[in-house]
Amino acid sequence: MVQINSNYLKLPGSYLFAAMAKKVAAYKAAHPEADIIRLGIGDVTRPLAPAVIEAMHRAVDEMASPETFRGYGPEQGYDFLIDAIIRGEYAPRGVELERNEVFVSDGSKCDVGNIQEIFDGRSRVAIGDPVYPVYLDTNVMAGRSGELDGATGRFEGITYLSATAENGFRPALPEQPVDLIYLCSPNNPTGTVLPREELAKWVIYAKENGSIILFDSAYSSFIRDPELPHSIYEIPGAKEVAIEFKSFSKTAGFTGVRCAFTVVPEALRGRASDGSLQSLNALWNRRQCTKFNGVNYIVQRAAEAVYSEAGQPQIREQIDYYMENARIIREGLSQAGYTVFGGENAPYIWWKLPGGLDSMRFADTLLERCRVVGTPGVGFGPGGEGYFRLTAFGDRERTVEAVERICASSLFD
């Protein structure tokens with residue numbers, strides 16, 4: 001009989017957000033009259049910007065004519081979008097990139113999960129705790145971990161970088177050398193952002209230890225503080241040690257459209273088994289050409305419009321809408337006497353539960369007493385226990401009502 005990849009069996013039974021969706025569906029089936037407000041999964045609710053819709057319509061019309069029809073496109077993305085990304089995301093921050101360093105894809109989740117394929121299976125991996133679970137799960141699937149320790153909630157063989165309120169949710173540098181370092185800023189789930197001097201420490205560490213930083217900055221467009229970096233490449237030397245992931249999902253409401261991009265600088269090198277140095281850019285290109293047919297033309301034209309003269313103010317208006325939701329949640333909970341983090345430069349609020357309450361149990365309490373859905377902190381790693389994540393991506397009126405329900409309830413009796 002065929003043998004399975006037993007590394008999958010090391011993982012808990014369900015992916016975090018799928019498990020929560022199943023829990024909510026069961027509750028709704030048992031209480032069909034329940035008016036549930038969802039502040040759990042980070043899905044957007046505002047429609048696509050007019051400039052984006054107009055670009056999609058034009059692209060659809062092009063597909064109807066033999067002269068402008070497009071079939072397979074370049075696996076790396078069309079030049080018109082890559083140029084717009086470089087011009088809109090990086091040039092204003094003094095970062096110079098070549099076209100072949102930018103790879104358009106159908107989502108950052110896919111890229112941060114797939115990037116590990118180009119590295120040796122024995123690579124030592126460091127992951128923030130708490131952090132987005134895809135980083136950990138995909139490396140477990142690839143066999144880079146031991147078994148899950150039920151007592152600690154941690155996988156053997158993985159280096160966990162504790163990010164706590166005491167250290168400002170800034171992951172500590174590893175005590176032992178590691179090969180791959182996953183950093184997420186603005187952070188999901190804590191909503192905090194690594195300042196310039198903190199990122200500089202990681203770049204120095206990576207250079208000294210021959211490490212590669214896998215930098216997820218999917219939420220960089222939500223940063224309000226002008227002193228905070230939007231890209232790790234704002235740090236001198238980062239192009240020698242870092243791969244960066246960005247997404248249109250939350251920036252422009254593309255969760256159902258699917259478009260993102262990954263930057264793999266030409267300067268990045270890894271060592272092969274024969275001792276030779278190999279280009280990571282070339283390896284990622286080879287992987288994409290083999291396993292990916294590219295993002296469709298219509299979506300790439302839509303993404304290009306995000307950076308247009310008409311698109312930019314429209315996108316900013318959407319981001320402002322969600323950040324106002326974040327302010328409402330953050331200030332509402334704070335005024336009710338709760339301790340919260342994030343929500344100022346990111347669309348996530350990290351709620352500290354009184355007395356270190358079990359976050360999975362609290363998810364049930366919040367649903368039952370307030371009919372509000374959030375995400376248990378423990379789902380982002382053992383360091384998330386005692387916390388709870390709320391998102392700002394809901395409708396304004398529903399967000400206000402959710403905060404009112406929470407503040408009016410006796411949740412911790």
If amide H atoms are modeled at 1.01 Å from N in the peptide plane, then the residues at a separation of 5 or more from Thr339, or on another chain, having amide H under 5 Å from its own are Lys352
At most 12 other Cβ atoms within 10 Å and a DSSP loop assignment: could you name the GluC sites (Glu not before Pro) in region 90-141 that fit? Glu96, Glu98
With a 1.4 Å probe and all protein chains in place, put His31, His230, His57 in order of accessible area, largest first. His57, His31, His230
Lys/Arg +1, Asp/Glu -1 at C-beta; region 1-153 dipole; positive extreme among Ser6, Met63, Val125: Ser6
Out of the total accessible area of the chain (probe 1.4 Å, heavy atoms of protein only), what percent is carbon and sulfur? 50 percent
Specify, per residue and in Å³, the volume enclosed by the convex hull of the alpha carbon atoms belonging to region 48-153. 190 Å³
Mean Kyte-Doolittle of at least 1.0 and a Cα length of 27 Å or more along the axis: which whole DSSP H helices of the chain meet both? none
Just going by the charge dipole of the chain, with Lys and Arg at +1 and Asp and Glu at -1 on Cβ, which of Val340, Pro32, Leu411 is farthest out on the positive end? Pro32
Highest-MSF residue in the chain out of Phe119, Phe341, Phe380 [GNM, Cα springs under 10 Å]: Phe119
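As an exercise, find the ratio Rg/Rh for region 321-362 from alpha-carbon atoms, using the Kirkwood inverse-distance average for Rh. Spell out each step's value before the answer.
Values: Rg = 10.9 Å, Rh = 10.8 Å.
Using Cα coordinates only, the ratio equals 1.01.
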Top mean-square fluctuation among Asp216, Asp320, Asp43, Gaussian network model of the chain, C-alpha springs under 10 Å? Asp320
For Ile37, enumerate residues with amide H under 5 Å from its amide H, sequence gap 5+ or separate chain, H modeled in the peptide plane. Val372, Val373
Collect residues whose amide H, placed 1.01 Å from N in the peptide plane, falls under 5 Å from the amide H of Ala172; neighbours closer than 5 in sequence don't count. Ser162
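If you take the Cα atoms of the chain, find Rg, then find the Kirkwood Rh from the mean of 1/r over all pairs, what is Rg/Rh?
On the way: Rg = 21.5 Å, Rh = 22.3 Å.
For the chain, the value is 0.96.
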Magnitude of the Cβ-charge dipole (Lys and Arg +1, Asp and Glu -1) of the chain about the Cα centre, nearest 20 debye, reported as 600 debye
Applying the gyration tensor rule to the Cα atoms of region 1-81 (axes a ≥ b ≥ c; rounded if a/c under 1.5, else prolate if a/b exceeds b/c, else oblate), the class is oblate
Among the lysines in the chain, how many pairs, 8 or more places apart or on different chains, have alpha carbons under 18 Å apart? 5
Sum of side-chain charges, Asn293 neighbourhood, beta-carbon under 12 Å (Lys, Arg +1; Asp, Glu -1): -1
Quick calc, region 1-87, dipole around Cα centre from Cβ unit charges on Lys, Arg (+) and Asp, Glu (-), nearest 20 debye, gives 640 debye
Among Ile243, Phe388, Thr152, which residue has its Cα positioned farthest towards the positive end of the charge dipole of the chain, with +1 placed on the Cβ of Lys and Arg, -1 on the Cβ of Asp and Glu, and the dipole taken about the Cα centre? Thr152
Against the empirical 2.2 N^0.38 Å scaling, what ratio does the C-alpha Rg of region 283-347 come to? 1.77
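For every helix of n ≥ 4 consecutive DSSP H residues, a contribution of -39,500 (n - 2.57) applies; sum these over the chain, divide by its total residues, and give [θ] at 222 nm rounded to the nearest 500 deg cm²/dmol. List each step's numbers first, then the result.
Numbers: 11 runs with 136 residues, N = 413.
Calculated at 222 nm, the ellipticity per residue is -10500 deg cm²/dmol.
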Trypsin sites (Lys or Arg not before Pro) restricted to DSSP loop in region 223-306 with at most 14 other C-beta within 10 Å: Arg224
Cβ crowding within 10 Å averaged over residues, with 159-171, 1-13 ranked highest first: 159-171, 1-13
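The values are calculated or read from the model by the stated rules, or taken from the named source; none is laboratory data. Everything quoted here is computed from the prediction, not taken from an experiment. So basically every Cβ, Gly included, is an ideal-geometry build from the backbone, and we count neighbours across all protein chains shown. Surface accessibility is based on the protein's heavy atoms, side chains included, excluding ligands, DNA and RNA. Shrake-Rupley method; radii C 1.70, N 1.55, O 1.52, S 1.80 Å.
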